Amino acid sequence: MRFTSERRLDDGVLEREFTLGEIPGILWTPPAAPAPLVLLGHPPLGLDKMYPRLLARARHAAAEGLAAAAIELPGAGARPRWPAFEQAHADMRRALEAREPLTDEIIDALVLPLVGKAVPETQAALDALLTLPGIRGPVGYAGGVIAIGVRLALVEPRIAAAVLFAGSFAPRRTFEEARQVTVPLHVLLQWDDESNDRQAALDLFDAFGSEEKTLHANMGGHAGVPHYAGEDANRFFTRHLR
């Protein structure tokens with residue numbers, strides 16, 4: 001890991017950009033250390049595009065005494081293009097525009113390779129982040145592609161709790177993995193999400209094997225998550241990470 005920039009924000013949060021091999025990332029740490037870490041998931045739109053929302057989430061986490069970090073997903077932002085992923089995304093968009101049902105084949109081609117690459121990279125980032133002064137476990141995972149969050153919650157023992165956003169496509173394999181997940185979960189669902197199958201989201205929540213799992217459903221579309229939903233999620237992390 002190599003830090004490439006550093007600045008102190010007006011609320012005392014330290015923001016540092018870094019690279020881990022070819023993977024860019026950002027780390028935010030609160031003034032009080034050491035702090036538990038929350039990994040911020042996000043869609044594969046690029047860190048630059050997602051930065052305002054990631055910064056807001058990181059500042060809210062820091063107000064609760066939590067550090068936060070995000071890394072660039074494969075094929076996104078400044079990382080090398082990924083033709084297979086771009087083709088799968090185009091196939092999905094074409095089916096949606098034609099109002100055709102999304103087949104398991106389309107969803108698998110879009111999501112499973114992304115999960116297969118992103119999860120080991122996130123674990124490698126976690127290896128490096130937890131060696132830094134001021135960062136400690138336990139670790140939480142928040143948001144992003146739900147299939148990535150499910151896989152991480154299943155295979156990464158350092159993840160102690162997860163906040164998952166039910167706003168992305170979930171392959172059948174994700175449902176199978178969800179049954180084996182046991183960490184505490186806080187799941188956010190936008191009831192009128194135009195890009196998400198509500199029943200599939202409810203079925204996935206039902207599949208989770210966690211003894212503690214909470215579903216927070218709010219009215220509104222994909223981008224209409226109310227601000228207090230984030231506050232509830234941070235209280236969840238405070239309870240389980242601090």
Self-check item: Segments classed as helices (runs of 4 or more DSSP H), wholly inside segment 169-242, with at least 2 members that are closer than 23 Å to ASP104 by Cα, at pLDDT 90 or above and not small (Gly, Ala, Ser)
Solution: 172-178, 198-207
Quiz item: Hey, does segment 146-162 have a residue that's out of contact with any His (no Cβ under 8 Å at 6 or more places or on another chain), without any contact (Cβ under 8 Å) to a residue 12 or more places away in the chain and more than 27 Å from ASN218 (Cα to Cα)?
Solution: yes
Quiz item: Are any of the residues in segment 72-87 free of Cβ contacts under 8 Å to residues at least 40 places away in the same chain, in contact with a strand residue (DSSP E or B) (Cβ under 9 Å, 6 or more places away or on another chain) and farther than 20 Å from ALA166 by Cα?
Solution: no
Quiz prompt | Qualifying residues in segment 153-180 (those that are among the hydrophobic types (A, V, I, L, M, F, W, C) and buried (at least 23 other Cβ atoms within 10 Å of the Cβ)) - the one nearest to LEU96 (Cα to Cα) | solution = ALA170
Quiz item: Which number in (1) surrounded by fewer than 15 Cβ atoms within 10 Å (Cβ to Cβ); (2) at positive phi marks the one condition that LEU45 misses?
Solution: (2)
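Against the definition (surrounded by 13 or more Cβ atoms within 10 Å (Cβ to Cβ), of a type in the set (D, E, K, R), farther than 30 Å from ASP10 by Cβ and in contact with a Leu (Cβ under 9 Å, 6 or more places away or on another chain)), how does ASP108 come out, yes or no?
No, not satisfied.
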Quiz item: How many of the residues in segment 129-149 are at negative phi and crowded, with 18+ Cβ neighbours inside 10 Å?
Solution: 12
Quiz item: Has segment 94-101 got any residue that is farther than 30 Å from PRO31 by Cα, part of a helix (DSSP H, G or I) and small (Gly, Ala, Ser)?
Solution: yes
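Residues checked against (1) in contact (Cβ under 8 Å) with a residue 60 or more places away in the chain; (2) exposed (fewer than 13 other Cβ atoms within 10 Å of the Cβ):
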{"position": "LEU185", "(1), (2)": "no, no"}
{"position": "LEU189", "(1), (2)": "no, no"}
{"position": "ASP197", "(1), (2)": "no, no"}
{"position": "ALA201", "(1), (2)": "no, no"}
{"position": "PHE205", "(1), (2)": "no, no"}
{"position": "ALA217", "(1), (2)": "no, no"}
{"position": "HIS227", "(1), (2)": "no, yes"}
{"position": "ALA233", "(1), (2)": "yes, no"}
Self-check item: Search result, residues across segment 16-46 that are over 14 Å from ALA124 (Cα atoms) and either polar (S, T, N, Q) or outside any loop (DSSP other than H, G, I, E, B) (or both)
Solution: ARG16, GLU17, ILE26, LEU27, TRP28, THR29, ALA35, PRO36, LEU37, VAL38, LEU40, GLY41
Quiz item: Taking the condition assigned to a helix (DSSP H, G or I) and touching a residue at least 24 places away in the same chain (Cβ under 8 Å), does ASP127 pass?
Solution: no
Quiz prompt | Candidates ARG8, ARG79, ARG57, filtered to the one that is among the charged types (D, E, K, R) and exposed (fewer than 14 other Cβ atoms within 10 Å of the Cβ) | solution = ARG8
Exercise. Confirm whether ARG7 is assigned to a helix (DSSP H, G or I), charged (D, E, K, R) and free of Cβ contacts under 8 Å to residues at least 24 places away in the same chain.
Key: no
Quiz item: Taking segment 50-67 only, how many residues are assigned to a loop (DSSP other than H, G, I, E, B) and over 10 Å from PRO30 (Cα atoms)?
Solution: 0
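The values are calculated or read from the model by the stated rules, or taken from the named source; none is laboratory data. Since the model is a prediction, treat every value here as computed from it, not as a measurement. Every residue, glycine as well, gets a Cβ built from its backbone with ideal geometry; the counts of neighbours run over all protein chains shown.
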